[in-house]
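Below is one structure, written out as structure tokens, with a few remarks after it.
Readers should treat all values here as calculations from the given coordinates under stated rules, not as data from a laboratory. What you see is a predicted model, and the numbers here were worked out from it, not measured in a lab. No Cβ is skipped: glycine too gets one built from the backbone with ideal geometry, and neighbour counts run over all protein chains shown.
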Amino acid sequence: MTLLGLKDLIEYIDPESGDMPLYECTLCNVYNNSATVITHIIGFKHRVNYLVCNLIGSQSMIQSVLFIFVFYFNRTKLDQKILTSLLKEVVKQ
């Protein structure tokens, strides 16, 4: 499995405390410890955020990628009109 968005992780280490490192995902605005960071990176939300943020210049590419995610993972049954309107909103942001 390919890990996407590793450049969007910031590792925080407190050398004096000896605690586990804390990881901030700037892509998803979440924090994880070393026990949960991999689960986050391979998760659906992170992967979609990565693809949307890195392919924002190409609406047709975004649409293709989202179709794959929506139907492959069977998250929801969206028709073409609904998905197109959602993509327009994503691109506006």
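Mind listing which GluC sites (Glu not before Pro) in the stretch 1-47 are in a DSSP loop and have 14 or fewer other Cβ atoms within 10 Å? Let's see the in-between values first.
Details: sites: Glu11, Glu16, Glu24; in loops: Glu16.
Within the stretch 1-47, the qualifying GluC sites (Glu not before Pro) (loop, at most 14 other Cβ atoms within 10 Å) are Glu16.
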If R0 = 30 Å, then Ile42 and Ser17, at their Cβ-Cβ distance, give a FRET efficiency to the nearest 0.05 of 0.60
Stretch Asn54-Thr2 to full length: gain in nm at 0.36 nm per residue minus the Cα-Cα span? 17.2 nm
